[in-house]
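In what follows, a single structure is set out as structure tokens and then discussed.
Taken together, the values in this text are just the output of simple stated rules run on the coordinates, not laboratory data. This structure is a prediction, so every number in the text was calculated from the model and none was measured. Cβ coordinates were reconstructed from backbone atoms using ideal geometry, including for glycine residues, and neighbour counts include every protein chain displayed.
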Amino acid sequence: MSKRWVVVADNEKTRIYSVEREDGMLHPVVMLAHPEGHARSQDIQADRPGRAFDNIGHGRHGVGSAVDPVEQARIRYVSRIAEYLRAACQAERCNRLLVVAGPHLLGLIRKHLDLPPGVSVTELEKNLGPLDDHEVLAHLRGQI
């Protein structure tokens, strides 16, 4: 029997629903919040970059990070989503996923999602995160 889940993600939260075959409605499973979703780099990393001495000479320079702090926070958030879905699929709570997110977030989810064999994943590149449950269902009627 097919156990379908719909994952609706944006930068602030991810809502996961189960879809019952009988009624075709979305039933909330969990919401994963991401409070740093609209933070700016300086909000996340308020300190100045560290300083380092040059190997030769007496110069000093700032040391920055290779990845933007906002992107690092987003990657940690997507890793949480992927881990939740992986655990649910391994526990056989779902075997079909519809993942709905904006282009950048969908790409990160795709990159981090490592599901057990036999789990079917469909993607929809659309940002439905700001919509309420009824509006999400209206947008996804033909997809689920």
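Okay, here's what the table says:
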quantity	calculated
Cβ-defined net charge surrounding Pro103, 15 Å radius [Lys, Arg +1; Asp, Glu -1]	0
Rough spin-label spacing in nm, given labels placed 7 Å along Cα→Cβ, for Ile144 and Arg80	2.3
Residue-by-residue Karplus 3J(HN,Hα) for segment 91-106, coefficients 6.51, -1.76, 1.60, Hz, glycine and proline x	7, 6, 7, 8, 9, 9, 10, 10, 9, 10, 7, x, x, 5, 5, 4
Eligible lysines near Lys3 by straight Cα distance, threshold 21 Å, same-chain separation 8 or greater	none
Mean Cβ neighbour count within 10 Å, used as a protection proxy, ranking 94-100, 136-142 highest first	94-100, 136-142
Cα-based reach from Lys13 at 18 Å (exclusive), listing aspartates and glutamates while leaving out same-chain residues under 8 positions away	Glu36, Glu71, Glu83, Glu123, Glu125, Asp132, Asp133, Glu135
Nitroxide proxy distance, nm - points 7 Å out along Cα→Cβ at Glu125 and His27	3.3
